[in-house]
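Remarks on the structure that follows.
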Amino acid sequence: IITLIAQAQKSRPEMQEFLDKFASYYIPAAIGLAVLVAIIPPLLFGQPFSEWFTRALILLVLACPDALVVSAPVAVAAAIGGASRRGVLIKGGRFLEVLSKTKAIAFDKTKTLTVGTPVVAEVILLHGATEEDVLGDAAGIEKFSSHPLAKAIEDYAKQKGVEPHKMDKFKNIAGRGGNATCLVCDNKEHAIRNLQ
């Protein structure tokens, strides 16, 4: 979830891109105008430079759109953070903009859009393994784990009527998976891991 929020905050909404593009033209124009205000009256009309320099600085302060440029990402970050505290994950500022233009939303009968609960979609067998053995090993190892995918694997095995294999000596490898010794498979060590 933390990674998704970070990615969401990195994605730039259209309004922010517009403000950045606008600022890339506007700021040089404002600086150029301020330089002209500071230089032309003293050079062409003999006016006091200090007075026109002060006016040029005032023009820069009034013309600078920094508040607009800074406010867009701050507002997006605040909205994404507030939504995530309420259990809603918004994938970026672009989606916030689209949401502001939405006229209708269709919910399912439980009045939810989606639930962030992982499920097993498919088991792919390799090297002549049976689904019962693979699920038994995986469910047996995942009984020790508190990872959200562990529950999905356990539930899938239960749904298929597969008993988890008895395991011992579970070792959690942070961010990678886990190992355990299968007590019904000749005490061999089995692992469940990601591809890293």
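The values are calculated or read from the model by the stated rules, or taken from the named source; none is laboratory data. Computed from a predicted structure; not experimentally measured. Cβ: placed from backbone, ideal geometry, glycine included. Neighbour counts: every protein chain shown.
List of remarks:
- Every pair of residues 6+ apart whose Cβ atoms lie under 7 Å, when the first sits in the range 20-43 and is on the phi > 0 side of the Ramachandran plot while the second is hydroxyl-bearing (Ser, Thr, Tyr): none
- Filtered residue count, the range 152-173, keeping only those that are closer than 16 Å to Asp133 by Cα and surrounded by 13 or more Cβ atoms within 10 Å (Cβ to Cβ): 13
- Identity of the residue in the range 83-114, surrounded by 10 or more Cβ atoms within 10 Å (Cβ to Cβ) and under 22 Å from His147 (Cα atoms), that ends up modelled with the highest pLDDT: Ser84
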